[in-house]
Structures are given as C-alpha cells and as structure tokens.
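Okay, structure first, notes after.
The values are calculated or read from the model by the stated rules, or taken from the named source; none is laboratory data. The structure displayed is predicted, hence computed values, not measured ones. Reconstructed Cβ throughout: ideal geometry from the backbone, glycine too, with neighbour counts over all protein chains shown.
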Amino acid sequence: MEMLEQTTKIPHIQGVELVGTWDIRPDNVQEIRQALSDLGLQCVSIIPDLFADKIYWKGAYTSKDKAVRQRAIDDTRTVCDFARELDCKTINIWPGQDGYDYLLTADYALERDWECDAVRTLATEYPDLAFALEYKPKEPRTHSYMARMADTLLLALETGRDNVGVTMDVGHVFVAGEVAAESVVLARRAGNKLFHMHFNDNFGCWDDDMIVGSVHSVAYIELLFWLDRCGYNGWFSMDQYPYREDGAGAIGESIQWLVQFDDVQKRYKSEIEGLLSAGDPIETSRFLRGILL
C-alpha cells in the first residue's frame, strides 16, 4: 500500500502493473481493488510469477514434468481471474525459466509445442484478455525460447488466437542486439501484435534496468517516432529494479525522459521523415547534433 501511495506522487502515472502472487493474492484482491479505486489508478497488467517460484526452476510451460506444466497453466488462470476482478485487460507473460542452458539437453520442437499449447489454451479460455508475451534473450537461462521479437511473433501467430501478442521490453531489445524501432515495425507487419511496452535502459550486455535515457537517447527518439507511426496505442510502462537508487525517483526520471524524447520526435516529425527518405547519415548526424546540443 505504501508503494501504491508513492506512485500517485510521480507525475504522469495513471496505472500500475502487479505481479501475481507477489502483489496480489486470493486473500487481498478486493483490498487491492479498493486501493486502486481510492488512488485513481488503473491496473494496467498482471504478470504471473512463472520465474521466481522455485517450482519453476527448470521451466514453467516447458518443464519436462507434466505436473509442473499444468501448475504453470493453473497459476496463470488464477492471475487471469484476478485481472477480471480488477478490470485489467492485459496478462503480461514472461516465462523466464522456459529455455535451456546446455546443448543436447532440450527437445526444442516438443518444448516449443508445449509453450504454444499453454498460451493457446489460456487465450482460448480467456478471450476477453490480451496475452502479451515478453521476450528476453537470456537470464535466468542461458537461452530463452522467447528470445527476440521474430520468434515471439512466430509463437503468437502459431497459437492462432487474435488476443495473443507481444510485450516489448526495450532493455531486452538492447541485450538481444535488436534495433527497437525496427522491432516495432516487425510487430506491426505481423498484424498489429505489439500489445504492451516496458521501458528502461542498459549498456547492451545485461538487463540492468536503468533509468531511461541514461545510456541511449537517439534510439529512444527513433523508437517513439516509430511507435507513433505504427499507431501503437497501448501503455508505456516502466520496468526497473532500482537497487541503489530511490525507487520513485528513478521511475519519475524515466518518465520525464520519455516525455521529453516524445516531445522531440513530435516537434521534428517532418524533419525525421525527410531524413528517412534521404538516408544520409551525415545529414542525420547534423540534425541530431542540432536538436540535442
């Protein structure tokens, strides 16, 4: 409750994400619902804990143990029921343990089938909810099954369900070696499959969850330009672990940077369109130097 109250003091915030069953449990659903109502906040999405619970240490939807796979589906169902109670429309799925660490230890075909079947089952049972699959190339496993935009889009399309799409965590994009703006375009071309956004920053080698803009600037200007151009109308959500910073302060700084980056791309939209047409890196550099300095 203290964290929710702190949230209302950060400019621009209109909603929060919750983790089931860290933040929300069967015994406190109504309490959380009332608190959100009192504070004027929406529940933006709920993330089922398929990664920290020790039962999932060798996989959730892709565990070799059938009972564990069933538990992962049942735990997600519980979170879906929470979402309905809170008028939340998005289930953010990050099955961080679904992957592998060593060669010749994983049946890539079968385990990807299990992943797809689990998501398809849930999306079929809860057609009123959006299932946003969050990808990340590694950590906690050395290799994740949902590692990049393209393979996550493939999984979403293989479910055959319109309510399955992708969460793009910008920090995960940097670690994966992707260009964030291009990943947005891929999701658009796959059928408008970008359902949710997580924002943070890092140096490109690990998911450091730093303040937005602390490392990247041009990449963020380009990303926000393409989010607009592709018609993204979902939430901008902060996904950060400020271990040594003031939490509310770090989130607030990320939001302020996003607001300013977005203002830049909107103010210079026609100029950016011209740069894309010209394809001249020197002209692009001159433009960026002018607006940033």
Notebook entry, point to check: Here is a list of conditions, (1) part of a loop (DSSP other than H, G, I, E, B); (2) under 16 Å from the mean Cα position of the chain (by Cα); (3) crowded, with 17+ Cβ neighbours inside 10 Å; (4) not polar (S, T, N, Q), and Pro242 meets all of them except one; can you say which number that is?
Noted result: (2)
Margin query: Just checking, does the range 200-219 include any residue being among the aromatic types (Phe, Trp, Tyr) and either modelled with pLDDT under 95 or crowded, with 21+ Cβ neighbours inside 10 Å (or both)?
Written below: no
Checklist line | Residue among Thr159, Thr152, Thr167, Thr124 that alone is hydroxyl-bearing (Ser, Thr, Tyr) and in contact (Cβ under 8 Å) with a residue 60 or more places away in the chain | finding: Thr167
Check: Where residues in the range 162-195 are in a loop (DSSP other than H, G, I, E, B) and of a type in the set (S, T, N, Q), which of them is farthest from Trp206 (Cα to Cα)?
Finding: Asn163
Next item on the list: Please work out if Gly279 is over 29 Å from Arg189 (Cβ atoms) and not hydroxyl-bearing (Ser, Thr, Tyr).
Entry: no
Check: Does Leu275 qualify as being in contact with a helix residue (DSSP H, G or I) (Cβ under 9 Å, 6 or more places away or on another chain), assigned to a helix (DSSP H, G or I) and closer than 18 Å to Val215 by Cβ?
Finding: no
Next item on the list: Taking the residues in the range 183-195 that are in contact (Cβ under 8 Å) with a residue 40 or more places away in the chain and of a type in the set (D, E, K, R) as candidates, determine which candidate is nearest to Tyr220 (Cα to Cα).
Entry: Arg188
Next item on the list: For the range 7-30, enumerate the residues that are farther than 18 Å from Arg77 by Cβ, touching a residue at least 60 places away in the same chain (Cβ under 8 Å) and surrounded by 15 or more Cβ atoms within 10 Å (Cβ to Cβ).
Entry: Thr7, Ile10, Ile13, Gly15, Glu17
Next item on the list: Just one of (1) outside any strand (DSSP E or B); (2) charged (D, E, K, R); (3) out of contact with any Leu (no Cβ under 6 Å at 6 or more places or on another chain) trips up Glu17, so point out which.
Entry: (1)
Margin query: Is it the case, given these coordinates, that Ala176 is free of Cβ contacts under 8 Å to residues at least 60 places away in the same chain and either over 16 Å from the mean Cα position of the chain (by Cα) or surrounded by fewer than 17 Cβ atoms within 10 Å (Cβ to Cβ) (or both)?
Written below: no
Notebook entry, point to check: Of the conditions (1) under 30 Å from Arg161 (Cβ atoms); (2) assigned to a loop (DSSP other than H, G, I, E, B); (3) of a type outside the set (Ser, Thr, Tyr), Trp206 fails just one. Which one is it?
Noted result: (1)
